There are 4 protein chains.
Amino acid sequence: MKGPINLNADLGESFGAWSMGEDAAMLEVVNSANVACGFHAGDPLVMSRTVATAKRNGVSVGAHPGFPDLQGFGRRRMDIPADELAAMLIYQIGALVGVARAEGHAVTHVKPHGALNNMACVDAALAATVAGAVHRLDPGLILLAPALSKLAEAGRAAGLRVVEEIFADRAYQPDGSLVPRSRPGAMIHGPEACLRHVMTMLEAGALIAVDGTRLPVRAQSICVHGDDAEAVATARALRDGLRRAGYELAAIPALSGARP
Amino acid sequence: MKGPINLNADLGESFGAWSMGEDAAMLEVVNSANVACGFHAGDPLVMSRTVATAKRNGVSVGAHPGFPDLQGFGRRRMDIPADELAAMLIYQIGALVGVARAEGHAVTHVKPHGALNNMACVDAALAATVAGAVHRLDPGLILLAPALSKLAEAGRAAGLRVVEEIFADRAYQPDGSLVPRSRPGAMIHGPEACLRHVMTMLEAGALIAVDGTRLPVRAQSICVHGDDAEAVATARALRDGLRRAGYELAAIPALSGARP
Amino acid sequence: MKGPINLNADLGESFGAWSMGEDAAMLEVVNSANVACGFHAGDPLVMSRTVATAKRNGVSVGAHPGFPDLQGFGRRRMDIPADELAAMLIYQIGALVGVARAEGHAVTHVKPHGALNNMACVDAALAATVAGAVHRLDPGLILLAPALSKLAEAGRAAGLRVVEEIFADRAYQPDGSLVPRSRPGAMIHGPEACLRHVMTMLEAGALIAVDGTRLPVRAQSICVHGDDAEAVATARALRDGLRRAGYELAAIPALSGARP
Amino acid sequence: MKGPINLNADLGESFGAWSMGEDAAMLEVVNSANVACGFHAGDPLVMSRTVATAKRNGVSVGAHPGFPDLQGFGRRRMDIPADELAAMLIYQIGALVGVARAEGHAVTHVKPHGALNNMACVDAALAATVAGAVHRLDPGLILLAPALSKLAEAGRAAGLRVVEEIFADRAYQPDGSLVPRSRPGAMIHGPEACLRHVMTMLEAGALIAVDGTRLPVRAQSICVHGDDAEAVATARALRDGLRRAGYELAAIPALSGARP
């Protein structure tokens, strides 16, 4: 029997009258949801409904805080001083904690969104700000971070439990970073290809880059994107394929080896 | 020895580069601060600093949630469906709870702001939405509401502890509502006049309207405004006058008779 | 040969990463577009692209200003003082005028959005504020207003050209107002039913209420909604049916009798 | 008799309930106002009042567009794609053009704000985006840009009239850039010191850096800051000192040699 593995997705990204993603369907498949907190997407009612649906499906909830940039969906880099950024993260996570509490559910992990996540993966100082803010709010929160990133390192250094994730639909470069979306071959297309990509890496215990380079990792979570046409099909293919291969699917707090 | 009495003020109303109020001075005088939560005023860093200063001064902190209307400072009436308004309140209070936790402090009460407060004082259904949202987030939170208001009633009906407040600088109408600011005599001017206004009502155990009507209340908190020129002088005059008269000043959670 | 008639639709309602409506398809059918101006929907890039596509299709452009309430899509009533509301309208219309100028196109009409429009249809003072703001910005702008509304009256009183519109998919009450969406029979369903509804009223020269009451109007424009599943089919059915019936379809500035 | 010289200041930076700057007093002294357009500061009513006061004082008005970041006051760097940034600039300038038109005044120049201005002074591609957007909206608009900046160059390359400005209260580095505020000696303190700093540079026809380096410039405008305690005193000292020295003070459109 293989160890537990987790499927996570970024959800709750609708806003007001605007809908995004197949949240209801995704929440029947994934084990953990990263819920937008209102700065780059989501609003209080969307958050409330997303958390309620997650609870009904036994899906664990994490905060998915981002830059204060609705129009840019948190994908535009912003230079925000460390103390202000820390306060913004605590505010967003706290808001979701309140929403979850009112729904009888709990926030158990944090995963930064978009440009903030990308920047924190390569900038050790920014990563330390993020990890420090999470720890200051609640040292029991788990940090969900890309495998081999500065963010994962900063989380451990701050004393947080860290779960490392790999991406089902993205190709890796030899240094462990993602092939930028602008380059050919950046994306893995189709549920079956995504499943093979994931299975190969899990069985190797390594990121496998486009040139074959192997970078040993202990990834316990797989990120599936929730906002493209094949999202639900890919999530289902991963869930079913992983089960067939003998993996137990689990929510983030149940991952036994969360502390590396 | 007279029972404990509380001085509260709306603080943390700066936003980004814009400053408002004499928060540092006020936090040396009042016992409890109603802290704006980012929807009508305040931002995460302002909230964080306000809570930290409150903690240093032994001032208890309450959430001061408002309508999502920065430009209108939460003073413009908005028609928001009940489920959405409840989610907005939970979001804002939760955000401040998170900020307070990160600062080693706690949020112990809630007081709605501006147009939301005014509307909830006279609209029983809206008041029930507000009280229900607070209770759903945390039944241990205390509701700070104007004496004799529908909001105070709704808080008790929802099972919340309710502390009723009177206003140091506002005249009352015979039905217990405030004289609208647009009318002559709406405002009580000057620290000494405010102190006399408050002392008369406390000793009578009643709101005293402009025509002399007495409406029995059990007010345990006095609201002093933080954003006008005399705010600090008025707050000091009240604190000193109340002490001279034998009242013990206390933070909201320490008010013995908070549960009516 | 019958006089010219206009098809208008509310477009440009996407925002950032969130898409809404079938704008490209609608802009191939309608004659005039009411373009959201960034307060309740739309953003500068969406506005720019919508205007550019309108220009390519020979579609005239109007400003569709709303309340400053993205999350509520401008559908929530707000109480905004007259001078501030006037400034908000001028700001939004001016922004679209600038965007149109940069695209080599022009803004030729104004139609308020959502709750603002609903309120201005029945509140003469608010209607006068809206019409006055439009006139102050540019007395050559045409006001597109529901037939028989206070807004249409206020526009004429302010000296603006007014084009009155009827709704293809909404039933009317005997006083000329729309049956509220919450009531059964409020909506006309299906392209053919919408076409019949419109043709009957055009031929009668009157609004025809659900009880058969006829209210004479000189409607020159028909509003088709752009955000539901059948929007494009309905718009095409109207265009084709009106042409077959001998009507000439025209952009708003080309309506010969715009000045009543 | 010396040529005309201009005093400009960034004004209209209040927002909603929050006040900033001594606009009324400054508008009695300066010749041209750069008016915030609602993205980083200002709101429609503030804009309207600022333009009306400028008109009464014979002060010319320019648009002062910034990043969409109220909380950060437009001082935080953001990475915004060129087409989106251009649309944002056109939107903001257009909005102010509308407001000015409604007040019977006109927008005659543009000066970017804060981080956007700083970035456009050193990044030629960004500068070209800014200049191109201004030109696309209205080729008759004048670009007000720091002397020797990439932005000034880009404005001329785009075919715009460019007026170059120097700062009354900032020291220069040998390459013509400002000494960063974080370094000692960055700021010139006091009205008399600012006047001497300006007069020395005007008479030399050159920026004079802290090490004595002279960089020939044709600066026709002097920027005085509107948001510090001495702003009004400094502006008056400059106005009076320049007049005593024989300079004619003029609004930006009246600068004879605006086209270099």
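The values are calculated or read from the model by the stated rules, or taken from the named source; none is laboratory data. Predicted model, so just to flag it, every value in this text is computed and none were measured. Don't worry about glycine lacking a Cβ; one is built from the backbone with ideal geometry, like all the others, and counts go over all protein chains shown. Quick note on the areas: whole protein, heavy atoms, side chains included, nothing else; ligands and nucleic acids left out. Shrake-Rupley method; radii C 1.70, N 1.55, O 1.52, S 1.80 Å.
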Span per principal axis, largest first, for the Cα atoms of the range D:154-210 (Å): 37, 25, 17
Of all DSSP beta bridges in the protein assembly as shown, antiparallel share, percent nearest 5: 20 percent
Placed amide H near B:A206: partners under 5 Å, 5+ positions off or other chain: B:V217
Selected from D:F73, D:A106, D:F39, residue furthest toward positive end of dipole (the range D:12-116; charges at beta carbon): D:A106
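Run through the DSSP bridge list for chain D and note the antiparallel percent, rounded to the nearest 5.
Numbers: 6 of 35 bridges.
Just about 15 percent of them are antiparallel.
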Cα lying deepest toward the dipole's positive end in chain B, options B:P191, B:T213, B:V224, charges on Cβ: B:T213
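What number, in percent, do you get for the relative contact order of the range D:109-260 if the mean sequence gap of Cα pairs under 8 Å and at least 6 apart is divided by its residue count? Could the numbers behind the result be given before it?
Details: 243 pairs, mean separation 30.6, N = 152.
With pairs under 8 Å counted, the relative contact order is 20 percent.
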Counting DSSP beta bridges with both ends in the range D:1-72, the antiparallel % (nearest 5): 10 percent
Virtual spin-label span in nm between D:A157 and C:D79, 7 Å along Cα→Cβ: 5.5 nm
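With +1 on each Lys and Arg Cβ and -1 on each Asp and Glu Cβ, and nothing else charged, work out how big the dipole of the range C:147-260 is about its Cα centre, in Debye to the nearest 20. Don't skip to the end; give the middle numbers.
Working: 14 positive and 13 negative charges, 58 e Å.
Computed charge dipole of the range C:147-260: roughly 280 debye.
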10 Å Cβ neighbours from other chains, averaged over peptide D:81-93: 6
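Per Stokes-Einstein, at 37 °C and 0.692 mPa s, what whole-number D in µm² s⁻¹ belongs to the protein assembly as shown, with the Kirkwood radius over Cα pairs as the hydrodynamic radius? Please report the intermediate quantities before stating the final value.
On the way: Rh = 31.2 Å.
It diffuses with D of about 105 µm²/s by this estimate.
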Inter-label distance, nm, simple model (7 Å from Cα along the C-beta direction), B:D175/B:A193: 2.6 nm
Debye, to nearest 20: dipole size of the range A:3-254, +1 on Lys, Arg Cβ, -1 on Asp, Glu Cβ: 380 debye
Most mobile of B:R244, B:R156, B:R236 in a GNM of chain B (Cα contacts under 10 Å): B:R244
Nonlocal amide H pairs with D:T213, under 5 Å, H built at 1.01 Å: none
Per-selection Kirkwood Rh - the range C:3-254 (Cα, Å, 1 d.p.): 17.9 Å
Test item: B:65-73 mean partner chain Cβ contacts at 10 Å: 6
Separation in nanometres of the label points that stand 7 Å from Cα toward Cβ, at B:A204 and C:E230: 6.5 nm
C-alpha center-to-center spacing [the range D:150-227, the range C:73-112] in angstrom: 38 Å
Distances in nm from D:D211 to the matching label points in the other copies, shortest first (labels 7 Å along Cα to Cβ): 4.2, 8.1, 8.9
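Ratio of the range B:122-260's C-alpha Rg to 2.2 N^0.38 Å, to two decimals? Before the final figure, lay out each step's value.
Numbers: Rg = 15.3 Å, N = 139, 2.2 N^0.38 = 14.3 Å.
With N residues counted in the range B:122-260, Rg over 2.2 N^0.38 Å equals 1.06.
What is the interface area between chains D and A, defined as buried accessible area summed over both chains with a 1.4 Å probe, reported in Å² to the nearest 100? Walk me through the numbers before you get to the answer.
Details: alone 11210 and 11210 Å², together 21520 Å².
Chain pair D/A: roughly 900 Å² of buried accessible area.
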Under the span-like rule (Cα at least 15 Å along the axis, Kyte-Doolittle mean at least 0.0), DSSP H helices of chain C: C:44-56, C:82-102, C:124-137, C:191-204
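Relative to 2.2 N^0.38 Å, what does the C-alpha radius of gyration of the range C:1-68 come to as a ratio? Two decimals please. Show your work: numbers first, answer last.
Numbers: Rg = 12.2 Å, N = 68, 2.2 N^0.38 = 10.9 Å.
The value comes to 1.11.
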Listed residues D:S48, D:S182, D:S32, most fluctuating in chain D (Gaussian network, C-alpha, under 10 Å): D:S182
Per-residue ³J(HN,Hα) for the range C:60-67, Karplus 6.51 cos²θ - 1.76 cosθ + 1.60, θ = phi - 60°, Hz, x for Gly and Pro: 6, 10, x, 7, 10, x, x, 5
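Just tell me how shielded C:26-34 is by partners: mean number of partner chain Cβ atoms within 10 Å of each residue's Cβ, no decimals.
Mean inter-chain Cβ contacts per residue within 10 Å come to 0.
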Under the Karplus curve 6.51 cos²θ - 1.76 cosθ + 1.60, θ = phi - 60°, whole-Hz ³J(HN,Hα) for the range A:208-215, x wherever Gly or Pro sits: 10, 7, 4, 9, x, 4, 10, 10
Chain D: calculated mean residue ellipticity at 222 nm from DSSP helix runs of at least 4, using -39500 (n - 2.57): -11500 deg cm²/dmol
Eligible lysines near B:K150 by straight Cα distance, threshold 26 Å, same-chain separation 8 or greater: B:K111
When the range B:64-115 is reduced to its Cα atoms, the Kirkwood hydrodynamic radius in Å: 11.9 Å
Minimum Cβ-to-axis distance in chain D for the rotation onto chain B, with residue, whole Å: D:W18, 2
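Give the calculated FRET efficiency between B:R214 and A:N57 to the nearest 0.05, with a Förster radius of 60 Å applied to their Cβ-Cβ distance.
Details: r = 57 Å, r/R0 = 0.95.
After rounding, the FRET efficiency stands at 0.55.
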Backbone HN-Hα couplings from phi across the range A:170-186 [Karplus 6.51/-1.76/1.60, Hz, Gly and Pro as x]: 10, 7, 10, 8, x, 8, x, 7, 6, 5, x, 4, 6, 8, x, x, 5
Gaussian network model of chain A, springs between alpha carbon atoms under 10 Å - residue of A:A245, A:A152, A:A125 with greatest fluctuation: A:A245
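With charges set only on the Cβ (+1 for Lys and Arg, -1 for Asp and Glu), what does the dipole of the protein assembly as shown come to about its Cα centre, in debye to the nearest 20?
For this selection, approximately 0 debye.
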